[in-house]
1. Could you pull out every one of the helices (runs of 4 or more DSSP H) wholly within the stretch 129-245 that has 2 or more residues that are in contact (Cβ under 8 Å) with a residue 12 or more places away in the chain and more than 14 Å from the chain's Cα centre (by Cα)?
2. Looking only at the stretch 11-51, filter to residues that are part of a helix (DSSP H, G or I) and more than 27 Å from the chain's Cα centre (by Cα); which one of those is surrounded by the fewest Cβ atoms within 10 Å (Cβ to Cβ)?
3. Against the condition closer than 23 Å to residue 137 by Cα and either buried (at least 17 other Cβ atoms within 10 Å of the Cβ) or at pLDDT 90 or above (or both), how does residue 223 come out, does it pass?
4. If you take the residues of the stretch 259-287 that are surrounded by fewer than 16 Cβ atoms within 10 Å (Cβ to Cβ) and assigned to a helix (DSSP H, G or I), which of them is modelled with the lowest pLDDT?
5. Any chance the stretch 137-147 includes a residue that's in contact with a helix residue (DSSP H, G or I) (Cβ under 6 Å, 6 or more places away or on another chain), within 30 Å of residue 287 (Cα to Cα) and buried (at least 19 other Cβ atoms within 10 Å of the Cβ)?
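The values are calculated or read from the model by the stated rules, or taken from the named source; none is laboratory data. Predicted, not measured: the structure shown is a model, and the values here were computed from it. Positions of Cβ are generated from backbone atoms using ideal geometry, with glycine treated the same way; all protein chains shown enter the neighbour counts.
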């Protein structure tokens, strides 16, 4: 008597919930990408930089002095584990007949161009709200060691972006790679896996909060979580992570360009001592509500075109 093949996913065959298994991979991917990034950065430094600096003291300090290798290593780690490995791990949640790109929402949904344009506009409009959340975050007491660490990281990033001829590479490492790899992990893999175990809105909120925590920046936790929630809502509304990738790129690229060409801009210093002007917040909230309504209409039209 021949046995019938088990049509369930790997996760369900072995008694794992989609939420639990995805959380396990999120933590694993974080450590693996950090380790791979550091190894890659040290390797690049030894091959193309001054390896003697590694022997003179702390390797982390040596890498900060040659930030191009640190950023390159970080991008390698993100591509390898947040991107490629997450694509592979997605198979744990699928049956043999499931489409991996559809699970990750990497396919082109109806109205993808309009959804991407709305997403890009939304991330410009909500910047004062993000600025206000950063200011509120600054009111929360944080250990001085964390503040000092984040200040040194910010100084290194700003120094790297300000280097002559580094703008293209800075945009690649800070805007292009995260906008693809982080979206595959958070709005592709995690959001979809969370939706299988809870409601859509709970999945959006949970993935957004985890996105904020993932960056290990306590002084920027609220704005990062807010951006994560917005990206999740955009993904669900458009049915694809491509608009979220576009919005993520606009956000990060805008920050890079501001640091490079307007380092004294209030937007660069947001989240420290000064809240945004009230008028900025009011206009931002009104704009966000209008765009939210447009996204809702976009979602309803996309649903009407969906193939059952």
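1. Numbers: elements: 144-162, 167-171, 177-183, 191-197, 200-214, 221-238.
Ranges flagged: 144-162, 167-171, 191-197, 200-214, 221-238.
2. Step one: list which residues in the stretch 11-51 are part of a helix (DSSP H, G or I), which gives 11-13, 18-48.
Those left that are additionally more than 27 Å from the chain's Cα centre (by Cα): 12-13, 46-48.
Values: 12: 17, 13: 12, 46: 14, 47: 9, 48: 12.
The qualifying residue surrounded by the fewest Cβ atoms within 10 Å (Cβ to Cβ) is 47.
3. Working: closer than 23 Å to residue 137 by Cα: yes; either buried (at least 17 other Cβ atoms within 10 Å of the Cβ) or at pLDDT 90 or above (or both): yes.
Spelling it out, residue 223 is indeed closer than 23 Å to residue 137 by Cα and either buried (at least 17 other Cβ atoms within 10 Å of the Cβ) or at pLDDT 90 or above (or both).
4. By that ranking, first place goes to 261.
5. To start, the set of residues in the stretch 137-147 that are in contact with a helix residue (DSSP H, G or I) (Cβ under 6 Å, 6 or more places away or on another chain) comprises 137, 142, 146.
Next cut, within 30 Å of residue 287 (Cα to Cα) only: 137.
Narrowing the set further to residues that are buried (at least 19 other Cβ atoms within 10 Å of the Cβ) leaves 137.
Within the stretch 137-147, one or more residues are in contact with a helix residue (DSSP H, G or I) (Cβ under 6 Å, 6 or more places away or on another chain), within 30 Å of residue 287 (Cα to Cα) and buried (at least 19 other Cβ atoms within 10 Å of the Cβ).
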